[in-house]
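Chemist: Dropping the structure in here first, questions after.
What follows is calculated from the coordinates using simple rules that are stated; it is not laboratory data. In this text, all values refer to a predicted model and were calculated from it rather than measured experimentally. Ideal geometry is used to build each Cβ from the backbone, glycine not excepted, and the neighbour counts take in all protein chains shown.
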Amino acid sequence: MAKEKTVLTGVHFMSGDIACAEGAIAAGCRFFAGYPITPATEIAEHIAARMPKIGGVYVQMEDEIASIAAVIGASYAGLKAMTATSGPGFSLMQENIGLAAMTEAPCVIVDVMRGGPSTGQPTLPGQQDVMQAKWGSHGDYEIIALAPSSVQEMFDLTIEAFNLAETYRVPTMVMADEVVAHMWEKLVIPPAEEIKIVNRKRPNTPPEQYLPFMPEDDLVPPMACFGEGYRFHATGLTHDEHGYPQTQSSEAQTKLVQRLCDKIRKNADKIVRFEETMVEDAEILVVAYGIVARAALSAVRKARENGIKAGLLRLVTLWPFPEKHIAKAAEGAKAIIVPEMNCGQMVREVERTAKETSVFHLSKLGEEPPTPMEIFEALRRHSK
Amino acid sequence: MQIEEWKFTAKDIAEKTDLFMSGHRACAGCAPATVMRLILKAVRGPTIVTMATGCMEVVSTIYPYTSWALPWLHTAFENAAANASGIEAAIKIMRKKGRIKDEHVDVIAIAGDGGTYDIGIQALSGAVERGHDFLFVLYDNEAYMNTGIQRSGGTPLGASTTTSPAGEVIPGKLEAKKPIADIIVAHEIPYVATASPYYWRNLITKVRKGLEVEGPAFLHVFAPCPRGWRSDPAKSIELSRLAVETCVFPLWECISGEYKLSSPSKVIAMAPQKKKPVKEYLAVQGRFRHLFTPKYEKLLDEIQRITDQKWQKLLKKCGIA
C-alpha cells in the first residue's frame, strides 16, 4: 500500500473543510463514514482521497443514520472515527448520537452549519444547530461541542475534538459554519511530535475482572475494544457497570444517566475554552462564536477607537457552556450583545448566566454573517 | 395482467402542453432535464409530483421561478416515496368521503440515484410493500451530481468520482452498481421497467403504463450527466443509446413478475452481432479514462465480462436464451 505522510507539517493555504480533514488525520482518525452534503462535502472528498494512502478507511454510507452508526461501530472496533455533515444530516444522526452517548463511544461529528430548517439554504452559513447539538437526541446526556472561527481552528479544534472524545468517551462535535468551512486562509501544521494526542484510557484489569462501565475517579470508565479478549456487553438500554441491561431499576437509571451528565459537568473546568479580548475594563461586551466572532473582534476594536469600552468573549467550547466566565465577565458590564446567525439560541445561555446585565441579541439570517459595522452599530446603540 | 398501451404519434406529443417548462438552470447536455420533460408528456389527467432533493429539484425551482406546471412538493432527501404514500392515501380517503371531486389523481415521486438507491430505499421499499397507487421514477445519473460527483449505490464499477477517486491505490469505484430495479421487482409489484431518453417513445409509453397500472409502479430511467461523467454535453442522448446498444443498460419491463425485453434490447437479443463492445461506451467518458491506462486496463475485460453475464441472466429471465 502506498504510504503518504499523515501529518502535513508546514505552512499551507487551505480551506476550512480540508483543514478539518487534515486535523482529523493528524489526530489519528483512520475511519471516516459519511454521506455527501453541502457545505461539508469537501471534508469527505478530501478524506476519500487521503485515507487509501495512509492505511485508513473511507466508507461512503447510504445516509447519515448509517454514517454515525458505522462510526460508533468503528470506535468500538478500536479506531478513532468521525463523520461530517450539515443540518439535514445532523438531524438524521440524532438517535445514534444518543446511542454514542449511552454506550460512551468516543467519536467526532462535524456539523458545517448552513441555513435551516429543513433543506433551508444549503450554500449559505447558519448557526442554527447549536442548541440541537446539545439537546438533539432524547433523554438526558451531555456532549462536548467546539466552534472554530478560522481555518487554523478547523484544524486545531478537530484534533482537540478527538482528544476530548477519547478522554471523556463522549460524542464530540465540531460546530463549524459554512463560511469557516469554505474560506481559504493560512494554516500552519506543526511537526507531528508537537501535536498533543490523547488516546482513550485502556483497561488495566485482566479480562475476567473487567467491568466495562465502571468509572474511575474522573467518572470515565476505561475502554476495551472488540476482539482484545475483554468480553463485554454494550447496549443502548440502561445498563449497570457490567454493561448488562437494567430496564426496571430506578437506581441503575439514576446512577448511569447522572454519571453520563456529571462526567462532563464536573469536568467542565478542564474542558471549557474561550478567548477574551479587552474584557477586563469592558463596559459593554460581545459574546460570539464561529465566523461571527471575527466580525465582532473588528467591531470591538472600532468601538474602542470611538471611545466605547467594548470587549469580546469568544466561545470556543459551546458545550459545556462557560457559565462561570460569562457570569464573571458580565459583572462589570452594563450590556452584552450576542450576534448570531439564528433567531436567538446561545443568547439564552448568556441571559441565563449573566443575570443582572442586559443582554441584546443581534440576529442575522441568510446571505452573510453580521458585518463588523452592524455589530459596531449595536455596540454604539447599547453603550449609550 | 394486461395494460392497455397508450397509442400516440410524435405530433400528439409535440402538441401536448409541456408541464416541465423551459427556463430551468440545468447544465448544457443534462439528460435528466430531458427525462423530466418526457415524463410529464405522458401525464393523463390531474397529477401531483413529489420530489426528493437532487439536481432536478434544485435547477427547476430557483426562486422566484418554477419549471413545474402542476402541484409539486419538495421533500427531504430520504423520503420521496413516503411523501407520495401520504399524498396518495389522503387523496383516496378524501375522494371516498366526498371531500374532493371524485376523479382519479395520479401521484408521481421522482428521485435521483442517491434518493433511490441509498438514502431513499427504505421509504421506497415501504411504499411499494404497502401497495400505494403511485409511480416512482428514478432518474439515474450514477452519482451525487448535485453536491459535486460523489459515488452512490448507482455508480458503476470503475467510475471515478470525488469519493471514489481513481489514482495510485484504487481504480475508481470498487463496487458494482446495485440492481435497484430487480430489488423492486422482488417486492412483487405490478409494474417495473427501465427506460432511456434516446428511446423517447418507449420512455413515454412506460411512464403512461406506470400511471395506468393499479398499485405501485417503478421506472428506472438512464440519465447521462456530462459534468459528472466528464462527457461531451452534445453526446448525452447518444450515450443513452450506447448504454442500451452495449447492454450496459438493457431496456425491459416486468409486468406482474413477467420479464419482457423492450424492442431496442430485443433487437440485440435476436441479432447478437449488433451488440457493441462496452469499451465504446466507456471510452467517451472521462470518468473511465483511467481504465484505458496500462495500470487498470484489466478492469475493462472485467466490466465486459460482468456486463455479458448480466445480459445473459436477463435473457433467461425474459425466456430468451
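Chemist: If neighbour count is taken as other Cβ atoms inside 10 Å, put A:L256, A:L8 in order from fewest to most. Mind dumping the intermediate values first?
Modeler: Details: A:L256 20, A:L8 15.
By the 10 Å Cβ count, ascending: A:L8, A:L256.
Chemist: Here is the link list: A:K134/A:K384; B:K266/B:K313; A:K5/A:K80; A:K201/A:K266. Which ones come out longer than 25 Å on Cα distance?
Modeler: On the way: A:K134/A:K384 35 Å; B:K266/B:K313 14 Å; A:K5/A:K80 18 Å; A:K201/A:K266 18 Å.
Long pairs (Cα-Cα over 25 Å): A:K134/A:K384.
Chemist: Provide the percentage of antiparallel DSSP beta bridges, counting only those with both residues in chain B; round to the nearest 5.
Modeler: On the way: 10 of 33 bridges.
Of the beta bridges lying entirely in chain B, close to 30 percent run antiparallel.
Chemist: Quick check on the exposure proxy: order A:W135, B:W229 from fewest to most C-beta atoms within 10 angstrom.
Modeler: Working: A:W135 13, B:W229 24.
Result, fewest neighbours first: A:W135, B:W229.
Chemist: Among B:S164, B:W72, B:V43, which residue has its Cα positioned farthest towards the positive end of the charge dipole of the protein assembly as shown, with +1 placed on the Cβ of Lys and Arg, -1 on the Cβ of Asp and Glu, and the dipole taken about the Cα centre?
Modeler: The Cα lying farthest towards the positive end belongs to B:V43.
Chemist: Same structure again: Which whole-angstrom value gives the distance between the alpha carbon centres of the stretch A:82-97 and the stretch A:129-197?
Modeler: Result: 14 Å between the Cα centres.
Chemist: Still on this structure, I have one more. Any idea what the relative contact order of chain B is, in percent, if you count C-alpha pairs under 8 Å spaced at least 6 apart? Write out the running numbers ahead of the final one.
Modeler: Details: 627 pairs, mean separation 51.9, N = 321.
For chain B, the relative contact order is 16 percent.
Chemist: Separate question: What is the calculated FRET efficiency for B:S256 to B:I62, with r their C-beta to C-beta distance and R₀ = 56 Å, to the nearest 0.05? Working shown, then result.
Modeler: Details: r = 41 Å, r/R0 = 0.73.
Once the sixth-power term is evaluated, E becomes 0.85.
Chemist: Related question: Provide a whole-number value for the mean count of partner chain Cβ atoms within 10 Å of the Cβ atoms in peptide A:52-61. Before the final figure, lay out each step's value.
Modeler: Values: counts 6, 4, 0, 0, 0, 0, 2, 1, 12, 2.
For this peptide, the per-residue mean of nearby foreign Cβ atoms is 3.
Chemist: Neighbour counts of other C-beta atoms within 10 Å: give me B:E253, B:E238 arranged from fewest to most.
Modeler: Values: B:E253 24, B:E238 14.
Least crowded to most crowded, the residues run B:E238, B:E253.
Chemist: If the elastic network links every pair of Cα atoms under 10 Å, which of B:T116, B:T163, B:T307 fluctuates the most in the Gaussian network model of chain B?
Modeler: Looking only at B:T116, B:T163, B:T307, the largest GNM fluctuation is found for B:T163.
Chemist: Let me ask something additional. Using 17 Å as the cut-off for backbone N distance, which residues of the stretch A:279-300 belong to the label zone defined by a point 7 Å from the Cα of A:N306 along Cα→Cβ?
Modeler: Counting only backbone N, you get A:283-287, A:295-300.
Chemist: Go ahead and run the numbers for FRET between B:M94 and A:E193, Cβ-Cβ distance against an R0 of 56 Å, rounding to 0.05. Don't skip to the answer; put the middle values down first.
Modeler: Working: r = 69 Å, r/R0 = 1.24.
Working from the Cβ atoms, E equals 0.20.
Chemist: Here is a follow-up. Quick one: check the C-alpha center-to-center distance for the stretch B:1-20 versus the stretch B:58-114, whole angstrom.
Modeler: A separation of 21 Å, based on Cα centres.
Chemist: Right, next: Positive end of the dipole of chain A, charges at C-beta (+1 Lys, Arg; -1 Asp, Glu), about the Cα centre: which of A:P125, A:Y244, A:L285 has its Cα farthest in that direction?
Modeler: Going by the charge dipole, the pick is A:L285.
Chemist: Let me ask something additional. Under a plain spin-label model, where a point goes 7 Å from the Cα along Cα-to-Cβ, how far apart in nm are A:W135 and A:N204?
Modeler: Distance between the two pseudo-spin positions: 4.1 nm.
Chemist: Related question: Roughly speaking, what is the centre-to-centre gap between the stretch A:8-48 and the stretch B:176-224 when only Cα atoms are used, to the nearest Å?
Modeler: 39 Å
Chemist: Where is the GNM fluctuation largest for chain A (alpha-carbon springs, 10 angstrom cutoff): A:E305, A:E95, A:E64?
Modeler: Between A:E305, A:E95, A:E64, it is A:E305 that shows the largest mean-square fluctuation.
Chemist: By how many degrees, 0 to 90 and rounded to 10, does the Cα axis of helix B:80-96 deviate from the longest principal axis of chain B?
Modeler: 20 degrees
Chemist: Something else: I need to check one value: relative contact order of the stretch A:87-163, counting alpha carbon pairs closer than 8 Å and at least 6 residues apart, in percent. Intermediate values should be presented prior to the final figure.
Modeler: On the way: 69 pairs, mean separation 23.2, N = 77.
The normalised contact order for the stretch A:87-163 reaches 30 percent.
Chemist: As I understand it, the value is the acute angle between the Cα axis of helix A:250-265 and the longest principal axis of the Cα atoms of chain A; what does it come to in degrees, rounded to 10?
Modeler: Tilt relative to chain A: about 50 degrees.
Chemist: Would you mind calculating the relative contact order of the stretch B:152-300 from Cα pairs under 8 angstrom and at least 6 residues apart, reporting the percent as a whole number?
Modeler: Numbers: 232 pairs, mean separation 32.0, N = 149.
Once divided by the residue count of the stretch B:152-300, the mean separation gives 21 percent.
Chemist: Sticking with this structure for a sec: Highest GNM mean-square fluctuation, chain B, Cα pairs closer than 10 Å: which of B:A26, B:A243, B:A143?
Modeler: Highest fluctuation among the options: B:A26.
Chemist: In addition: Modelled label-to-label distance, B:K279 and A:K355, 7 Å Cα→beta-carbon offset: nm?
Modeler: About 8.1 nm separates the two model spin labels.
Chemist: Also: Name the residue farthest towards the positive end of the dipole of chain B from the options B:A283, B:A31, B:M145, assuming +1 on Cβ of Lys and Arg, -1 on Cβ of Asp and Glu, about the Cα centre.
Modeler: The residue sitting most towards the positive pole is B:A283.
Chemist: Tell me whether the stretch A:114-234 comes out rounded, prolate or oblate; compute the Cα gyration tensor, take square roots of the eigenvalues as a ≥ b ≥ c, and use a/c under 1.5 as the rounded threshold. Write out the running numbers ahead of the final one.
Modeler: Details: a/c = 3.16, a/b = 1.62, b/c = 1.95.
Verdict is oblate for the stretch A:114-234.
Chemist: Before rounding to the nearest 500, sum -39500 (n - 2.57) across all DSSP H runs of length at least 4 in the protein assembly as shown and divide by the residue total; then give [θ] at 222 nm in deg cm²/dmol.
Modeler: The helix contribution divided over the protein assembly as shown gives -11500 deg cm²/dmol.
Chemist: Determine the dipole magnitude for the protein assembly as shown: charges of +1 sit on the beta-carbon of Lys and Arg, -1 on that of Asp and Glu, nothing else is charged, the reference point is the Cα centre, and the result goes in debye to the nearest 20. Before the final figure, lay out each step's value.
Modeler: Values: 79 positive and 82 negative charges, 374 e Å.
Using only the charged Cβ atoms, the result is roughly 1800 debye.
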